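The values are calculated or read from the model by the stated rules, or taken from the named source; none is laboratory data. This one's a predicted model, so the numbers in the text were calculated from it and none came from an experiment. Reconstructed Cβ throughout: ideal geometry from the backbone, glycine too, with neighbour counts over all protein chains shown.
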Amino acid sequence: MVAALVAAFAMKVATIGDRLKQQRARLGSSQVQMARAAGIPIDSYKKYEGDAAVPGGDALAGLARAGVDVTDLLIGEQRGAPAHSPHRVEQLRAGYVYLPLFDVRASAGGGELVEDENIVDVLAFKEEWIHQELHAAPGDLRLIFVEGDSMVPDLHPGDIILIDHTDTTARREGAYVIRMDGALLVKSLQRLPGGVIKVISRNPAY
């Protein structure tokens, strides 16, 4: 059994592709017009909207110049600064870390086989919160989805969890993502005398 600590819980959110489509609709632009205004190849732009790729720094700067609210694009929260400001990307970077959301599902149930580990989104977190509340290094954190209902009411299907993949020894009790026979499960782990670790489902129906 391999475990990774569930460091925090997050709500299910729209993807970067979803928010980019919304931003383009707000601006009244076609995909070709938006790609041209941002200086991005049209094939790359279509991948961003289709969540087949995540825009990097240069692409984000171009999108900001084209009028996209980059804060809303990455975080899902609109800010008060003008969307066309050339300083938006630099302002957004200060004090935040960007963590990848993988197309991986940990089952709160019978087990979910992991077949795809593509990055489907990038979510922003305050760096201060990462260090003070989680006591973790941003590079050790990953975001994945939850499937199944065995951890209800703590976790629900479609929730996103933030995991620390370096905490693999279950030194403390809490929720962990564990790998068993090629499947990922999210369960509560409890230490018992004699070095025994008890795997617990929070849902009393299990």
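Is it fair to say ALA52 is small (Gly, Ala, Ser) and at pLDDT below 85?
Yes, satisfied.
If only one of ALA170, ALA124 is surrounded by 13 or more Cβ atoms within 10 Å (Cβ to Cβ), touching a Leu at 6+ places or on another chain (Cβ under 8 Å) and part of a loop (DSSP other than H, G, I, E, B), which one is it?
None of the other options fit; the residue is ALA170.
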